[in-house]
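One structure below.
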Amino acid sequence: MIISVASGKGGTGKTLVATNLALSLNDVSKVQLLDCDVEEPNAHIFIEPVITRRETVSIPVPVVDEDKCTYCGLCAEICAYNAITVIKEHVLVFHELCHGCGACSYLCPERAISEQKKEIGVVESGQLGEMSFVHGKLNVGQAMAVPVIKKVKEKIEPDAIAIIDVSPGTSCPVIESIKDSDFCILVTEPTPFGLNDLVLAVETTRKLNVPCGVVINRVGIGDGRVKAYCQENNIKVLLEIPLDTTIARLYSEGLPLVTYMSSWREEFVGLYRLIQERLHEGSRSTKR
Amino acid sequence: MREVVVLSGKGGTGKTSIVGAFAALAQHKILADCDVDAADLHLILRPELKEKHEFWSGQTAFIDRGVCTECGLCRDVCRFQAIDNWIVDPVSCEGCGFCYHVCPVQAITMQENLAGHWFLSETRYGPLVHARLDIAQENSGKLVAMVRKQARKVAESEEASYIISDGPPGIGCPVISSLSGTDLALLVTEPSLSGIHDLERILDVCQHFGITTMVCINKYDINEDNTRRIERYCLTQGVEVAARIPFDNVITEAMVHGVPVVDYTDNGVTHELERLWKLVETRLNRKSK
């Protein structure tokens with residue numbers, strides 16, 4: 001089963017939920033935690049896994065052999081990303097714009113274009129006891145997170161409960177991380193920003209056809225509009241985490257809540273049971 | 001005209017609340033919301049919409065099943081696994097056009113994407129340029145570039161002194177687009193290990209692109225040991241820590257009321273924000289000399 005943890009708004013507690021859910025389920029089941037927030041991965045801070053494998057992620061970018069090139073300009077014409085320009089007898093390739101689609105090298109009439117790998121990030125995997133852990137890191141200065149996310153998701157173990165920590169927002173990295181999930185937990189806070197971005201996150205999961213439920217973090221601040229929205233739209237509030245100085249303190253120190261406030265372990269197992277129930281109900285209603 | 005972008009790496013550190021405060025404090029400025037997939041600045045500035053423009057960007061392949069001979073070449077060449085059963089998945093399609101170029105029977109067309117909208121609005125603090133990238137769309141970097149371009153246009157015609165931009169979280173495509181060529185990046189962090197980790201990455205990105213930076217530590221009193229750690233780190237990097245803002249519920253209360261915190265109350269938080277803006281303004285003007 002794949003459960004992704006997303007939010008729309010940043011800093012609402014995705015990593016808090018993903019890491020504590022993973023640690024709580026580790027006693028019950030085979031668990032894998034995957035951090036797909038490859039721009040700013042933080043789950044490892046709370047999990048402290050032993051990293052045993054490190055693989056670089058590259059995309060293929062074109063290299064033009066100017067001995068073969070006739071400067072016909074076809075590559076520049078077909079490149080959808082303006083990553084190649086032909087000026088008189090020069091070919092300029094802008095690697096940072098290239099998506100690695102391979103059209104230029106395939107279509108070059110002179111076969112003058114080959115491909116070389118450009119490193120854009122790394123994927124590291126390891127263990128914490130029984131739990132397996134994977135995260136991706138986009139290299140500084142690189143723009144494209146999606147290929148790194150894809151590489152992280154290739155590591156999903158089908159027999160485990162795979163928990164995916166997603167980056168904030170609603171654009172391509174978020175879509176890539178959430179798609180193919182069985183369920184998506186949306187973490188929000190009871191503030192106007194939290195609500196605004198929750199609505200967008202709900203739309204995102206609906207577009208991807210992934211069922212979702214909500215975790216409200218820092219309950220006690222803000223107002224009641226997030227709860228009202230969930231009620232009106234028939235979205236289950238799966239768990240509420242209060243605004244609490246001990247929780248904030250543990251988080252700031254990079255310490256998992258369930259290790260230091262063990263009563264939370266049951267809460268997170270309960271969260272998982274609620275997800276199971278929702279999925280079970282969902283499959284029953286489609287059978288009818 | 002000088003431009004400052006407020007960034008953080010980690011989300012939820014308080015970028016938008018700070019930009020909202022700057023909106024109320026700064027004179028002669030244009031505001032830009034460069035967080036195009038989860039924009040929130042409008043919730044504080046409550047803009048009145050003046051103009052709405054379509055943002056067309058990128059393409060998606062479409063297969064005409066009536067013409068298609070199901071030869072499979074398109075599926076074989078596609079590196080984004082976007083073609084299955086002679087149907088293009090628009091979410092996976094990156095619009096490269098490889099399939100369109102190789103299809104032997106010209107069954108594939110490339111269709112332009114309406115990727116989102118950008119808006120020009122008026123607020124009680126001055127003009128705001130903002131945008132909405134449609135869900136699951138690509139090209140957030142290009143929409144950010146559009147927001148900044150339009151903000152510059154308005155700033156020039158109004159002879160504004162400053163453009164104040166609210167940046168997106170992360171370090172990828174939209175972030176790079178929001179900081180390229182800006183005069184100053186104000187990095188907002190919080191004293192948690194995650195905050196510190198993400199500050200280091202966004203600072204690396206700014207240094208990579210040669211952008212001048214300042215750091216603001218928000219909720220500094222949540223963990224003062226970590227705050228000192230951030231200060232030491234900034235010292236080694238030669239980066240100025242411009243402000244330390246205490247944790248205070250008034251920031252959320254002001255958000256609930258839809259006003260910048262400096263217009264909501266007058267206390268330690270607002271004094272620190274006033275001091276911060278003065279410092280940012282000084283740095284922006286010093287750089288122009």
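For A:Val269, indicate whether it is touching a helix residue (DSSP H, G or I) at 6+ places or on another chain (Cβ under 6 Å), under 20 Å from A:Gly11 (Cβ atoms) and not acidic (Asp, Glu). In short, no. In the range B:172-191, the residues that are under 17 Å from B:Pro246 (Cα atoms) and assigned by TED's automatic domain parsing to the domain that holds B:Asp225 reach residues that are polar (S, T, N, Q) and part of a loop (DSSP other than H, G, I, E, B) with C-beta atoms within less than 7 angstrom, at least six apart or across chains, in these pairs: B:Leu187/B:Ser8; B:Val188/B:Ser8; B:Val188/B:Thr13; B:Thr189/B:Ser8; B:Thr189/B:Thr13; B:Glu190/B:Thr13; B:Pro191/B:Asn223. Please verify whether B:Leu187 is within 11 Å of chain A (Cβ to nearest Cβ) and buried (at least 24 other Cβ atoms within 10 Å of the Cβ), treating the condition exactly as stated. Spelling it out, it is not the case that B:Leu187 is within 11 Å of chain A (Cβ to nearest Cβ) and buried (at least 24 other Cβ atoms within 10 Å of the Cβ). Here the condition is being under 30 Å from B:Arg201 (Cβ atoms), without any contact (Cβ under 8 Å) to a residue 60 or more places away in the chain and among the aliphatic types (A, V, I, L, M); of A:Ala103, A:Ala80, A:Ala112, A:Ala76, it holds for A:Ala80 alone. As a summary of the residue check, B:Asp266 satisfies the conditions (1) within 14 Å of chain A (Cβ to nearest Cβ); (2) assigned to a loop (DSSP other than H, G, I, E, B) except for the one numbered (1). Pull up the range B:124-155, narrow it to residues that are more than 15 Å from the chain's Cα centre (by Cα) and in a helix (DSSP H, G or I), then point me to the one that is farthest from the other protein chains (Cβ to nearest Cβ). Here the answer is B:Ala155.
Yes/no per residue for (1) within 26 Å of B:Leu41 (Cβ to Cβ); (2) of a type in the set (A, V, I, L, M); (3) within 12 Å of the chain's Cα centre (by Cα):
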position: A:Ser7; (1), (2), (3): yes, no, yes
position: A:Gly10; (1), (2), (3): yes, no, no
position: A:Thr19; (1), (2), (3): no, no, no
position: A:Leu25; (1), (2), (3): no, yes, no
position: A:Val31; (1), (2), (3): no, yes, no
position: A:Asp35; (1), (2), (3): no, no, yes
position: A:Pro41; (1), (2), (3): no, no, yes
position: A:Ile47; (1), (2), (3): no, yes, no
position: A:Arg53; (1), (2), (3): no, no, no
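Going through (1) touching a Lys or Arg at 6+ places or on another chain (Cβ under 9 Å); (2) surrounded by 13 or more Cβ atoms within 10 Å (Cβ to Cβ) one by one, B:Asp84 falls short only on (2). For the range A:219-233, the set of residues classified as surrounded by fewer than 17 Cβ atoms within 10 Å (Cβ to Cβ), among the small types (Gly, Ala, Ser) and under 15 Å from B:His257 (Cα atoms) consists of A:Gly224 only. Quick one: what pairs do we get from the range B:145-158, first residue closer than 20 Å to B:Ile176 by Cα, second in a helix (DSSP H, G or I), C-beta under 6 Å, 6+ apart or different chains? Filtered contacts from the range B:145-158: B:Ala145/B:Ser177.
Does the range B:192-209 contain at least one residue that is under 21 Å from the mean Cα position of the chain (by Cα), crowded, with 24+ Cβ neighbours inside 10 Å and not in a helix (DSSP H, G or I)? Looking through the range B:192-209, none of the residues is under 21 Å from the mean Cα position of the chain (by Cα), crowded, with 24+ Cβ neighbours inside 10 Å and not in a helix (DSSP H, G or I).
Among the residues of the range B:53-73, not a single one is closer than 30 Å to B:Pro246 by Cβ, in contact (Cβ under 8 Å) with a residue 60 or more places away in the chain and within 12 Å of another protein chain (Cβ to nearest Cβ). Residue check: B:Arg79 meets all listed conditions (1) touching a residue at least 60 places away in the same chain (Cβ under 8 Å); (2) assigned to a loop (DSSP other than H, G, I, E, B); (3) within 25 Å of B:Gly141 (Cβ to Cβ) but one, namely (1). Does A:Glu157 satisfy being among the acidic types (Asp, Glu), within 14 Å of chain B (Cβ to nearest Cβ) and over 15 Å from the mean Cα position of the chain (by Cα)? So A:Glu157 does not fit the description; no. Of all residues in the range A:184-217, those that are part of a strand (DSSP E or B) and surrounded by fewer than 22 Cβ atoms within 10 Å (Cβ to Cβ) total 1. Taking the range A:70-92 as the range and being crowded, with 19+ Cβ neighbours inside 10 Å and away from chain B (no Cβ under 14 Å) as the test, only A:Val91 passes.
The values are calculated or read from the model by the stated rules, or taken from the named source; none is laboratory data. Since we're looking at a predicted model, the values are computed, not measured. Methodologically, a virtual Cβ is constructed for each residue, glycine included, from the backbone with ideal geometry; neighbour enumeration extends over all protein chains shown.
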